[in-house]
Amino acid sequence: MKIVSFTMVNNESEIIESFIRYNYNFVDHMVIIDNGCTDSTIEIINRLISEGYNITVHDESLEAYNQFRLDNKYLRKTIDELKPDIILPLDSDEFLTGNENPRRILEKLALDRIYYIHWQWFVMTDKDDQDEVFVPRKMNYCFSKPAWNYSDGTPVTKAIIPAKYFDEMKLTLSMGHHTVFGNDKVEIKEIDNLRLAHYRAISELQLVSKTSCYTMRDIATMENNFETAQRTNQMAMIERGENMRTTAVEASYGGYEGEVIYNPIDLSFCKPETINMKYAALAKESLVKRVIKTGQEMAVRAYNSEREKREKAFLKPIVVWMDGIRGKECIFPNPSNKITILAELFNVRGYLTTCQEIKFLKANYRLIVTPDVVKFLPHQYIVLPNTVIFEEVKEQLVNIGIDQKKIISVRDYEKKLGIIKMMYCYIRLVPSVTKRVYAYFKRNGIKTTVNKIKSRVRK
């Protein structure tokens with residue numbers, strides 16, 4: 001039996017290693033959807049992949065948070081491409097557990113129905129091991145009964161999906177993976193020998209960083225839901241200077257009240273070597289660094305909205321490799337004439353560099369970004385100009401995680417555009433250059449403009 005999980009992530013560095021190492025004991029493949037991580041989440045995932053974990057990462061950094069749409073998109077994609085027998089939709093704070101080995105339970109399930117299981121909801125207590133980084137060992141106290149719906153007291157459900165049945169019944173997964181819908185004839189069975197251990201909050205740092213960063217992102221979206229309301233409420237507590245330990249503990253309860261008991265999940269189902277943590281240091285980024293990175297992300301998104309207004313119709317944006325820098329005491333971008341012309345010829349959304357000193361500067365009115373930020377610039381390709389050695393730069397970019405399928409030479413990019421689009425670009429080139437020169441002239445005068453043109457010609 002082939003079992004695949006899929007999970008959407010957004011700044012999960014404190015928990016992602018625990019999540020993958022633990023749950024991988026019960027699945028054959030993991031699908032991760034990156035919804036714009038700015039912390040070390042993706043670096044940790046890539047290191048686990050290099051260890052041999054069978055994980056596929058899809059980049060959805062340009063999408064606003066829309067779990068319903070993205071979950072169903074990648075549920076379908078996973079069914080079509082990986083051909084699993086069972087799919088486990090998991091959040092990064094959910095750990096599969098059961099009365100016996102969860103893998104064994106899954107393999108016994110008939111594949112002609114959908115299954116609902118329940119949350120085993122863990123909370124923060126004073127008895128947590130603060131020095132432990134593996135979450136299921138750190139937190140051992142949970143509610144004595146499954147988490148319940150506020151409205152009627154019935155247990156909250158989470159779906160387990162036999163893939164072929166889901167596809168044949170033309171079903172849709174609900175927001176949060178709680179239910180399926182779309183066919184009144186669907187057969188659903190609730191089971192209680194399999195559960196999801198749920199660790200909603202695990203530390204003060206996690207609460208403050210996720211609340212601060214998520215609130216910034218929520219401002220830029222068009223939707224509200226229960227979770228965004230909770231985060232906004234928590235942000236108010238942070239801004240009032242309330243005790244963060246108390247606030248984190250309260251957040252871990254999720255609004256529930258009830259008996260809390262010692263009931264750790266059974267780790268004997270895991271191979272001991274699979275739950276040894278290696279990347280705890282990567283998860284300990286400071287709050288300041290996390291907030292700065294999220295602020296930079298939001299600034300890049302604002303840049304995109306302005307840059308897009310100036311781009312040509314019928315062409316998808318590209319990113320071009322920055323081929324020069326200059327200066328010693330103060331380092332500046334020094335683009336060649338060739339990539340300057342490319343900026344006027346095509347829809348160059350920005351430039352890519354590995355030089356940290358020029359990150360977020362502009363050249364030819366385009367933003368310069370480093371590889372960790374380029375996912376926030378819409379681009380069809382990363383185009384390498386003929387002023388650099390193609391294979392050397394390509395190898396450098398691939399080694400730091402850039403998808404090699406997106407890296408292309410100028411010549412190959414022009415071939416992909418074809419004759420008609422290239423003619424369109426050249427027709428638009430003259431007015432584009434004229435407009436830019438005129439704008440420079442208005443700001444700097446005729447003498448400076450002439451000198452600038454001469455320096456460019458001599459370059």
Q: Set the Förster radius R0 to 25 Å, insert the Cβ-Cβ distance between residue 229 and residue 259 as r into 1/(1 + (r/R0)^6), and round the FRET efficiency to 0.05.
A: 0.40
(Q) 7 Å from Cα along Cα→Cβ at both residue 77 and residue 184: what's the point-to-point distance in nm? (A) 3.4 nm
Q. Using θ = phi - 60° and the Karplus form 6.51 cos²θ - 1.76 cosθ + 1.60, what ³J(HN,Hα) does each residue of segment 323-338 get, whole Hz, x for Gly and Pro?
A. 9, x, 9, 8, x, 10, 5, 9, 8, 10, x, 9, x, 6, 4, 5
(Q) Counting only helical runs of four or more DSSP H residues, what would the 222 nm mean residue ellipticity of the chain come to if each run contributes -39,500 (n - 2.57) and the total is spread over all its residues? (A) -13000 deg cm²/dmol
Q: Over 27 Å between C-alpha atoms is what I'm after, so list which of 271/375; 77/158; 164/185; 170/405; 108/164 land there.
A: 271/375; 170/405
Q) Within segment 32-101, which GluC sites (Glu not before Pro) sit in a loop by DSSP and count at most 13 neighbouring Cβ atoms inside 10 Å? A) 100
Q. Rounded to the nearest 5, what is the percent of antiparallel bridges among the DSSP beta bridges in the chain?
A. 40 percent
Q: Would you kindly give the portion of the calculated P(r) for segment 95-197 that falls above 17 Å, as a percent of all Cα pairs?
A: 59 percent
Q. What is the extension gain from residue 58 to residue 149, computed as 0.36 nm multiplied by their sequence separation minus the C-alpha to C-alpha distance, in nm to one decimal?
A. 29.6 nm
Q. What ³J(HN,Hα) values, in whole Hz, does the Karplus curve 6.51 cos²θ - 1.76 cosθ + 1.60 give for segment 381-388 when θ = phi - 60°, with x put for Gly and Pro?
A. 9, 9, 9, 9, x, 7, 7, 10
Q: Could you pull out the trypsin sites (Lys or Arg not before Pro) across segment 183-262 that fall in loop regions by DSSP (anything but H, G, I, E, B) with no more than 14 other Cβ atoms inside 10 Å?
A: 185, 240
**Q.** In segment 309-338, trypsin sites (Lys or Arg not before Pro) in a DSSP loop with at most 11 other beta-carbon atoms within 10 Å
**A.** 309, 310, 328
Q. Rounded to a whole number of µm²/s, how large is the Stokes-Einstein D of segment 310-458 at 4 °C and 1.567 mPa s, given Rh as the Kirkwood radius over C-alpha pairs?
A. 80 µm²/s
(Q) Quick check for you: which residues of segment 130-168 have the amide N under 19 Å from the point 7 Å beyond the Cα of residue 113 toward its beta carbon? (A) 155-168
**Q.** Unit charges on C-beta of K, R, D, E only; dipole of segment 108-199, Debye
**A.** 220 debye
Q: Please find the FRET efficiency linking residue 278 to residue 310, where r is the Cβ-Cβ separation and R0 is fixed at 51 Å, and quote it to the nearest 0.05.
A: 0.65
Q. For the chain, how big is the tail of P(r) above 38 Å, as a whole percent of Cα pairs?
A. 34 percent
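No value in this document is a laboratory result; all are computed from the given coordinates. Remember, it's a predicted structure, so these values are computed and weren't measured experimentally. Using ideal geometry, Cβ is built from the backbone for each residue, glycine included, and neighbour counts are taken over all protein chains shown.
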